[in-house]
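The values are calculated or read from the model by the stated rules, or taken from the named source; none is laboratory data. If you're wondering where the values come from, they're calculated on a predicted model, not measured in any experiment. Methodologically, a virtual Cβ is constructed for each residue, glycine included, from the backbone with ideal geometry; neighbour enumeration extends over all protein chains shown. To get the accessible areas, we keep the full protein, side chains included, count just its heavy atoms, and leave off ligands, DNA and RNA. Shrake-Rupley method; radii C 1.70, N 1.55, O 1.52, S 1.80 Å.
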Amino acid sequence: MQESVSVIIPVYNEEESLSHLYKKLKDALDGLKRPYEIVFVDDGSSDSTLEILEEMQKKDEKVVAVSFRKNFGQTAAMAAGFAYSKGDIIITMDADLQNDPDDIPLLLEKIKDHDVVSGWRKERKDPFLSRRLPSVIANWLISTVTGVKLHDYGCTLKAYRKEVVKNIKLYGEMHRFIPAIASWVGARTTEVETHHYPRLYGKSKYGISRTIRVILDLITVKFLQSFSTRPIHAFGPPGLLMEGVGFLMAFYLIFEKFILGKSIGGRPMLFLSVLLIILGVQLIVMGLLGEMLARVYHESQGKPIYVVKKVLGSHGESQ
Ligand code: UDP
Ligand code: MG
């Protein structure tokens, strides 16, 4: 049996684009000669997006339309798409025709021996200052910090094996980090050059402020990767260092005051010492709180701290 394909498309106020998109997508998917479905997720649109999707769904049983009560954002829409899709291969793309459905066969070719294939909009057709420049910096930063080198984390056109997305919970703007998160637990990740077109209808939903959110999400993702099972190792070392230096200074001042009989009331070192001691304690306590949270997180979700590839030989179900 051919592996089936689910195409997931978050849609927020894209009424003019939908019919063109649907037509191009149908042509591309019919050409694949394998089972497929198109999962549109209406992210609380206020235009006629939902009515158009309902019409499409009535006429075409391969269309699934999920509709949100309000606008929850592109990441949430994607998460819903993953949850409601049945395909073995999951492809995500934008609704605004900036991605090209004709690139899908390329992604499917690559996914044969990979788990994640990311599109790379090599000739990206977006404004330079507000989109392309921040994107170059963001991609460099994300690649460096995560250790997973991709040219275009922001490209929505990507393909995943279903196990990859079904096991990742998404928050914030985190859909773009799926390739990195997946790679950390052993997914084989690659990228292919894909086409990109200027937006023909409607407006982009994002501006420069997105870059800041992406950088904050990167900090979260990196922290979770490195320290989610041992937060005290992140907060503890600087905490201990501050404690150590703070106490050394305090002892020195005590020596000056009681042995040398000097006045220490106006010494900047006194303030620094007190500051370091207090900050140090706070960091260590934060680490301990983090440890408690980590236990709650892993144990309440029954989430193990490892990912098993396979088990060979006989093994009982553990209790
Ligand atoms: N989108 C969404 N919810 C949002 C914002 C955007 O579902 O809150 C969808 C939007 O309809 C489009 C895709 O996400 O299909 C990408 O959005 P956009 O084209 O505005 O982003 P850009 O291409 O400018 O980065
Ligand atoms: Mg777009």
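Within the stretch 192-199, does at least one residue satisfy the condition of being surrounded by fewer than 14 Cβ atoms within 10 Å (Cβ to Cβ), away from ligand 1 (no atom under 15 Å from the Cβ) and not in a loop (DSSP other than H, G, I, E, B)? Before the answer, list the steps.
Just the residues of the stretch 192-199 that are surrounded by fewer than 14 Cβ atoms within 10 Å (Cβ to Cβ), to begin with: 198.
Imposing the further condition that a residue be away from ligand 1 (no atom under 15 Å from the Cβ) reduces the set to none.
No: zero hits.
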Open item on the list: So if I check each of Ala77, Ala95, Ala65, which one is over 23 Å from the mean Cα position of the chain (by Cα), within 14 Å of ligand 1 (Cβ to nearest atom) and modelled with pLDDT of 95 or more?
Closed with: Ala65
Task: Inter-residue pairs, beta-carbon under 8 Å, first open to solvent by 40 Å² or more (accessible area, probe 1.4 Å) and in the stretch 97-117, second within 15 Å of ligand 1 (Cβ to nearest atom), 6+ apart - done: Asp102/Lys24; Asp102/His195; Leu106/Thr194
TODO: State which residue pairs qualify: first residue in contact (Cβ under 8 Å) with a residue 40 or more places away in the chain and inside the stretch 44-60, second residue among the β-branched types (Val, Ile, Thr) and open to solvent by less than 50 Å² (accessible area, probe 1.4 Å) in any location, beta carbons under 8 Å apart, and separation of 6 or more residues or different chains.
DONE: Leu53/Val11; Leu53/Val63
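Residue by residue through the stretch 252-270, note down the ones that are at negative phi and loosely packed, with under 11 Cβ neighbours inside 10 Å. Write out each step before concluding.
Looking only at the stretch 252-270, we keep the residues that are at negative phi, and these are 252-260, 262-270.
Result: Phe258, Ile259, Leu260, Ser263, Gly265, Gly266, Pro268.
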TODO: Test Glu54 against the stated conditions and say whether it is in a helix (DSSP H, G or I), at pLDDT 95 or above and either aromatic (Phe, Trp, Tyr) or closer than 16 Å to Tyr22 by Cβ (or both).
DONE: yes
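Tell me yes or no: at least one residue of the stretch 234-251 is touching a residue at least 60 places away in the same chain (Cβ under 8 Å) and open to solvent by 50 Å² or more (accessible area, probe 1.4 Å).
Here is the first cut: in the stretch 234-251, the residues touching a residue at least 60 places away in the same chain (Cβ under 8 Å) are none.
No: zero hits.
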Task: Leading residue by the ranking (nearest to ligand 1 (Cβ to nearest atom)) among those in the stretch 175-191 that are open to solvent by 20 Å² or more (accessible area, probe 1.4 Å) and under 15 Å from Gly154 (Cβ atoms) - done: Arg176
TODO: State the number of residues belonging to the stretch 121-140 that are open to solvent by 50 Å² or more (accessible area, probe 1.4 Å), of a type in the set (A, V, I, L, M, F, W, C) and within 15 Å of ligand 1 (Cβ to nearest atom).
DONE: 4
